[in-house]
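Right, one structure below, let's go through it.
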Amino acid sequence: MSSVLLRRERAIGIALLAPTVLLFGVLILYPMLQSIWLSLHRTNTLTLRQNWAGLDNYADLFADPAFWRSFLNTLIWTGGAMSLQLVVGVGIALLLHGSLVGRALARGLVLFPYLLPTAVAVLVWRWLFNDLYGFLNSVLLRLGIIEHPLAWLSQMPDAMISVILVGTWKFFPFVVIAVLARLQAIPDALYEAARIDGASRFAMFKDITLPQLSGVLSIVVLLRAIWDFKEFDLVYLMTGGGPGIGTQTLPILVYRQAFQMLNFGRGAAVAATMCVFMLLFFAIYAWANRRLVVSDR
Amino acid sequence: MSRRKPLTLSRRAILAGSMATLLSAPAVRAQRKTTLRFWTSQGAPPQMAAWKDIFQRFEQQNPQFTVAIELFSDDDVWPKLTAGFAAHNLPDLVSYVQAYSVATLAANDLLEPFDDVVKAVGEDDFYPAMRDVYKYKGHYIAATLNNQTSSNLWYRKDLLSQAGLAPPKSWTELVDAAKKQTKGDIYGNSLPFGRTSMASTMMVNFVHQAGGLIVNPDGSVGFNSPATVAALEFLQEVAPYAPPGANSYSWGEVLNSFVTGRAAMAPYTGRPIAIVAAQNPGILDSISVVPYPFRTGGKQTFDCAFNSLFIPRGAANVTGAKLLAKALYEKRNYIQFLHTAPGHNLPALKSIAASPELFDLPLMQKFRPEIEQMMVSTAAARNLVQETPESPYNLKAGDIFNSGVLAESIQDVLINKMTPTAAAAKGGDKIAQILKG
């Protein structure tokens, strides 16, 4: 009798788990394995004809200086954009958490860049950066700061700096939302006690706000790092990866290999390598984060 | 009971509906029209209006068909086509894909024969270069729908005469004219130095104008040559007189800089005519065009896109697509579409070029000498798929073009400060790899 019950319970358990496993298999595992399988072949994007290549795609990739330059660009873009998003996002969240005239309106408006479609945002920014008619050049020329218009998107390192700044503007609201929500949950009593003890504003920020935010910030860093690392549209639309390959990131390299060079296998190899790099980074990040939490305790 | 009643009614309704559907199916089938899917990159409002007009007439003459227009941009033609081939969900007729991309499709045996269409339109009516660029293994694989060369130099008559100069004919004269016209906020000339399709297109022609080739007729690499070095040296000389952002310029930026009057000279197709008329009519009387200057000791050459019309292998309705293709070459339809971009879209058919109706538009009349000159240049143009009459059909032209190697050689010199000799050698090696791969 008990074994029948056990079998029935096991069957129910399997039935309940099955949809999740099925969805995971179809939506995540299959595409991932398919991508790895593709990367082991020479695959023509047009015809999808395949020849076994073994690790040749990876060997060619690692021997290609353009791959390493793209990898470096991806790190610079991800590191630069994410750091600025954190600084600006936390700063503005603190500002919006305080008493401010028109706070409700400001909280609504701050979301604007995040809600704007990337293509539209890039169009506006490209216009602002335009070498001949751009607002930025026009202002700087009128103020006498520059004598000739600058090519913001056509020379290095200006192009990378411009892309990072636009990326920061576009995505910092995500940090604001997350941090603001957490700020509102910090008990006032903590600040009250600190004030009674004579703590300065900076001390309160360092010893109360920041530790309280550490949990949400670690999630924000993780998510923003993943999203920025694989960001394609903003960088591609801003500079197309140029000048030269100065702002070519790994996702742009995937696109170029798969859809311009019609070499699906090589594109898949770049994508698989990206995945490994990301896993590696996040394993290190999780380990460091855990150590930090343990040492705090 | 009250809960069951609606269910009973619903069953009846479903049964009745099913019966009605089954009974009426043959009639519906008889009335059903076949939709022909037409892909084009030409989706500006005047062009869409012309397509709709043309297709309406086609549908009246061929009531069994309706035509659905699907737009693509030059940048997303490959992702769209590859997805189409992978999903066996293809358009019936594709327009405006350039010759080097058609070569890639031909190399993969992904095109339906197009002989019927070319023969029905009239083989002899096509300009030979525009017809033969799509002749592969004795068959037509596509046809040039219309064409335009960008190997022209647009200039401002007023600025040139202020500088006391005549329109340049050689690279040396062009550099001199660019230098003398660079004043205040006007740049002497605009050129595309970005890793873009315009830079690659121009680079092919610069090498040809210097007397060289990208791929030799025997199939060997021609790029690493003194001609390429000369072309890169010319670009090095002329670059200081281009707008500061030229390192990322492509078609749009080059056109803008000339149309708005910020560049005194620029290479382009005939498009500035309509754009200047619409957006900066104040300079319309001052603009004119000459064939793009070439290297002294080199030769006058022109490069063309040969905007194609083809049927992808696997299209659902090849017969209908061929009917539609033929209709696009009918005089009324053809001229109506050419008029959507006066002076830019030039005819591939001699009979249309000779037709008085072609110039039956005020702008076409005003710029008639310039347009006729561009038609002559376009008729003499070549493309990377067949650089010389002796060259075999280059099935790797698309791979070379899309790899960006041609534009990269410009960027290596202008951005990475490589010597022209080193850049030509690097580009040559990369092309050799592509030809081998």
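So here's what we get for this one:
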read-out: Tail weight of P(r) past 15 Å, computed on alpha-carbon pairs of the range B:137-199, percent; value: 64 percent
read-out: Relative contact order %, chain A, counting alpha carbon pairs below 8 Å whose residues are six or more apart; value: 29 percent
read-out: MRE, 222 nm, helices only [DSSP H, n ≥ 4, -39500 (n - 2.57), over chain A, to nearest 500]; value: -22500 deg cm²/dmol
read-out: For chain B, calculated [θ]222 nm from helices alone, where every DSSP H run of n ≥ 4 adds -39500 (n - 2.57); value: -14500 deg cm²/dmol
read-out: Rh (Kirkwood; distinct C-alpha pairs) - the range A:204-274, Å; value: 14.2 Å
read-out: Bins of 10 Å, starting at 0 and running to the largest distance - Cα pair percent for the range A:149-297; value: 10, 26, 28, 20, 12, 4, 1
read-out: Loop chymotrypsin sites (Phe, Trp or Tyr not before Pro), the range A:192-296 (other Cβ atoms within 10 Å of the site Cβ: 16 or fewer; DSSP); value: A:PHE232
read-out: In degrees, nearest ten, helix B:45-61 long axis to first principal axis of chain B (Cα); value: 40 degrees
read-out: At most 12 other Cβ within 10 Å, DSSP loop - GluC sites (Glu not before Pro), the range B:328-437; value: B:GLU390
read-out: Cα-Cα over 25 Å, subset of B:LYS80/B:LYS426; B:LYS119/B:LYS436; B:LYS135/B:LYS326; B:LYS179/B:LYS430; value: B:LYS80/B:LYS426; B:LYS119/B:LYS436; B:LYS179/B:LYS430
read-out: Shielding by partners, peptide A:255-266 (average Cβ within 10 angstrom, other chains); value: 4
read-out: Charge dipole (debye, nearest 20) of chain B; +1 at Cβ of Lys and Arg, -1 at Cβ of Asp and Glu; value: 1860 debye
read-out: Sequence of A:SER138, B:SER41, A:SER154 once ranked by neighbouring C-beta atoms within 10 Å, starting from the fewest; value: A:SER138, B:SER41, A:SER154
read-out: Translational diffusion of chain A, µm² s⁻¹ [Kirkwood Rh, Cα pairs; Stokes-Einstein; 25 °C; 0.890 mPa s]; value: 107 µm²/s
read-out: Student exercise, the range A:65-296 dipole from Lys, Arg, Asp, Glu Cβ charges, in Debye to nearest 20; value: 260 debye
read-out: In degrees, nearest ten, helix B:77-87 long axis to first principal axis of chain B (Cα); value: 30 degrees
read-out: Stokes-Einstein diffusion coefficient of the protein assembly as shown, Kirkwood radius over Cα pairs, 37 °C, 0.692 mPa s, in µm²/s; value: 111 µm²/s
read-out: 10 Å binning of all Cα-Cα separations within the range B:235-293, expressed as whole percents from 0 upward; value: 21, 55, 23, 1
read-out: Most mobile of B:LEU36, B:LEU71, B:LEU213 in a GNM of chain B (Cα contacts under 10 Å); value: B:LEU71
read-out: Sparsely packed trypsin sites (Lys or Arg not before Pro) within the range B:347-437, loop by DSSP, other Cβ within 10 Å at most 10; value: B:LYS417
read-out: Cα-based shape type of chain B, given that a ≥ b ≥ c are square roots of the gyration tensor eigenvalues and the cut on a/c is 1.5; value: prolate
read-out: Cross-link partners of B:LYS52 among aspartates and glutamates (Cα-Cα below 20 Å; sequence separation of 8 or more within a chain); value: B:GLU70, B:ASP92, B:GLU330
read-out: Angstrom value of the Kirkwood radius, inverse mean 1/r, which spans all Cα pairs in the range B:293-437; value: 18.7 Å
read-out: Charge dipole (the protein assembly as shown, unit charges on Cβ, about Cα centre) - positive-most of B:ALA83, B:PHE367, A:LEU165; value: B:ALA83
read-out: Electrostatic dipole magnitude of the range B:66-207 [Cβ: Lys, Arg +1; Asp, Glu -1; Cα centre; debye, to 20]; value: 820 debye
read-out: Among B:SER200, B:SER170, B:SER409, residue whose mean-square fluctuation peaks in a GNM of chain B (springs only between Cα atoms under 10 Å); value: B:SER170
read-out: Kyte-Doolittle mean at least 1.0 and Cα axial length at least 18 Å: DSSP H helices in chain A; value: A:2-24, A:65-97, A:158-183, A:210-229, A:264-296
read-out: Sorted largest first, extent of the range A:1-138 alpha carbons per principal axis (Å); value: 78, 50, 26
read-out: Residue order, fewest to most beta carbons within 10 Å, for B:MET202, A:MET278; value: A:MET278, B:MET202
read-out: Rounded tilt (10° steps) of B:318-328 against the dominant C-alpha axis of chain B; value: 50 degrees
read-out: Most mobile of B:ILE141, B:ILE214, B:ILE186 in a GNM of chain B (Cα contacts under 10 Å); value: B:ILE186
read-out: The range B:206-346: C-alpha gyration tensor shape, a/c 1.5 cut-off, then a/b vs b/c; value: oblate
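No value in this document is a laboratory result; all are computed from the given coordinates. Owing to the predicted nature of the structure, the values given are computational and were not obtained by experimental measurement. In this analysis, Cβ positions are derived from the backbone assuming ideal geometry, glycine residues included, and neighbour counts consider all displayed protein chains.
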